[in-house]
1. Does T493 fit the bill of being in contact with an Asp or Glu (Cβ under 6 Å, 6 or more places away or on another chain) and farther than 21 Å from G315 by Cα?
2. Say whether the condition of being in contact with a Gly (Cβ under 7 Å, 6 or more places away or on another chain), buried (at least 20 other Cβ atoms within 10 Å of the Cβ), closer than 18 Å to I5 by Cβ and touching a residue at least 60 places away in the same chain (Cβ under 8 Å) is met by at least one residue in segment 144-156.
3. Cβ contacts < 8 Å: first residue surrounded by fewer than 19 Cβ atoms within 10 Å (Cβ to Cβ), restricted to segment 59-83; second residue in a strand (DSSP E or B), any location; separation 6+ or different chain. Result?
4. Taking the condition modelled with pLDDT of 95 or more, over 30 Å from R271 (Cα atoms) and not in a loop (DSSP other than H, G, I, E, B), does R91 pass?
5. Using beta carbons and a limit of 9 Å, which pairs, at least six apart or on different chains, have the first residue in segment 89-115 and within 16 Å of the ligand (Cβ to nearest atom) and the second one basic (K, R)?
6. Check segment 128-140 and report whether any residue there is in contact with a strand residue (DSSP E or B) (Cβ under 8 Å, 6 or more places away or on another chain), assigned to a strand (DSSP E or B) and within 16 Å of the ligand (Cβ to nearest atom).
7. Which one of P229, P214 is open to solvent by 30 Å² or more (accessible area, probe 1.4 Å), over 30 Å from L324 (Cβ atoms), out of contact with any His (no Cβ under 9 Å at 6 or more places or on another chain) and not small (G, A, S)?
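The values are calculated or read from the model by the stated rules, or taken from the named source; none is laboratory data. Note that this is a predicted model, so its numbers are computed, not measured. All Cβ positions, glycine included, derive from the backbone under ideal geometry; neighbour counts span all protein chains shown. Keep in mind that these areas ignore ligands, DNA and RNA; they rest on the heavy atoms of the full protein, side chains included. Shrake-Rupley method; radii C 1.70, N 1.55, O 1.52, S 1.80 Å.
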Amino acid sequence: MRIAIGGISHETSTFAHTRTTVADFADGFGLFRGPEIINRFRGSNICTGGFIDGADKHGYELVPLLWGFAYPSGLITATDYAALKSEFLDRLQQAQREPGGIDGVLLDLHGAMVVEGIDDADADVIEGVRGVVGPAIPIVVTFDLHGNHSARRIAAASAIVGFDTYPHVDMAERGREAADLIVKILNREIQPMMAIERIPMFWGVENQITAHPPMKELMDYAHAVETRPGILCVSIATGFPWADVANMGASVMVVADRDQDLAEATARELRDWIWTRRETWRHRILTVDDALDQGEKLGKYPIILADHGDNTGGGAPGDSVEILATFLNRKLRDAVLLYIVDPEVVAQATAAGVGAVIDTAVGGKSDPIQGPPVKMRATVRALSQGDFTYDGPMYAGLTGNMGPSAWLEQDGVHVVVVTAHEQPLGPAFARTLGIDCESLKYIAVKSAVHFRSGFERFAGSIFNVDARATHTHDFRDLTYHKRPRPMFPLELT
Ligand SMILES: [Zn+2]
């Protein structure tokens with residue numbers, strides 16, 4: 001049994017001004033081809049790691065094609081996407097011509113990828129694969145919790161498995177689930193039939209944390225439904241609202257065994273369960289000052305502020321400065337901001353060298369709403385080329401790179417200025433610079449939820465804030481042309 005594996009994966013913000021290219025894929029987690037994929041991801045906590053585990057469990061032969069993931073950012077250029085897709089499909093065709101051909105395909109996708117001119121790029125990938133392998137070969141796809149799903153994807157794939165956790169810590173487990181499904185399909189033990197129900201809803205990010213209510217109740221319910229006879233898999237997707245596309249929004253996908261009616265009825269049941277509770281998923285906005293006031297009153301340190309509006313992990317530019325300015329205005333000490341994306345300031349700090357004091361203007365350059373830049377007279381405390389190793393639980397054991405980076409300090413307010421657009425999943429990169437986050441009183445992170453995987457264990461208190469930035473959660477401020485209307489909570493109540 002020969003199973004092809006691979007994927008082209010991106011969470012695309014159509015509101016970010018930057019474009020995403022093949023170089024961004026190479027610089028992110030990297031682009032891997034053929035056996036490199038297995039060497040890189042064996043034992044790692046991503047879906048492809050689970051596909052590889054599946055080979056050990058079931059004894060199938062892995063046929064690794066192409067795997068690429070760029071950090072969330074703006075639209076992928078049409079030419080660069082075309083190059084990635086054609087390489088992927090060429091490798092698949094090549095594998096088909098080899099002795100034994102291909103028996104099945106496991107795809108590691110995100111679900112919110114948008115390309116210039118291709119709004120539903122995930123469907124485009126699956127349909128491309130289907131076009132090569134024909135109708136008889138199973139294609140099982142794993143998706144992030146934040147996909148904007150469509151009927152096209154359901155039609156082109158044989159089965160779909162979405163993440164059940166946020167922060168995403170079950171990626172390898174979902175990969176193993178996909179591997180189990182494809183083997184059962186090939187052994188003719190099951191015959192999957194799928195249904196999707198889309199839910200016209202903006203889902204507050206802070207209400208998606210699967211370890212906490214209300215999301216925990218939903219996931220417990222979904223897992224209970226999965227134990228019913230005939231149900232193979234239930235996936236809840238909360239959607240990715242910073243994509244102005246027709247399929248934007250939450251959805252439920254159900255895979256049933258040989259029973260289309262059961263798949264459809266179950267998807268409707270879950271949709272109704274979520275919709276009747278829609279008020280519980282609404283986002284509530286807290287300003288930076290409100291959060292700090294509440295935190296000081298509570299007195300549990302470190303106080304962690306999650307900068308939702310400028311979450312680089314969701315493709316935001318990462319240079320909004322309201323939190324930095326507030327830290328300085330309030331004359332806080334033992335405060336750190338992770339991270340501001342500002343290559344100019346990194347270059348200035350690098351030229352000045354460690355120990356130098358520089359007059360600089362930090363952040364606020366990508367868009368007027370992100371600024372204005374904050375004037376600092378800062379000491380360069382450390383410099384880095386950006387390499388570090390994730391220490392988990394997310395991406396445990398994988399390496400990352402924040403690009404050339406600098407640790408600046410002014411009167412007890414510390415800021416790590418970086419070049420790459422990636423959120424802090426934990427204190428690992430700050431530690432490489434010499435910052436001991438656990439000893440600080442105030443930590444701000446440009447991350448909405450994933451930071452919890454590395455910071456929650458030592459946090460005193462955590463506040464979700466909506467500072468001025470392009471990825472505001474006040475969706476009234478975003479101009480959409482293509483998304484569905486009406487949606488809750490804007491046009492629908
Ligand atoms: Zn996600």
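1. no
2. Yes: one or more hits.
3. E61/R2; E61/I3; T77/T20; T77/V115; A78/V115; A78/I118
4. Yes; evaluated as a whole, the condition is true for this residue.
5. L109/R153; G111/R153
6. No.
7. Answer to the selection: P229.
Conditions (1) within 29 Å of P489 (Cα to Cα); (2) assigned to a helix (DSSP H, G or I); (3) in contact with a helix residue (DSSP H, G or I) (Cβ under 6 Å, 6 or more places away or on another chain), marked per residue:
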site	(1), (2), (3)
T165	yes, no, no
A172	no, yes, yes
D180	no, yes, no
K184	no, yes, no
E197	yes, no, yes
K216	yes, yes, no
R228	no, no, no
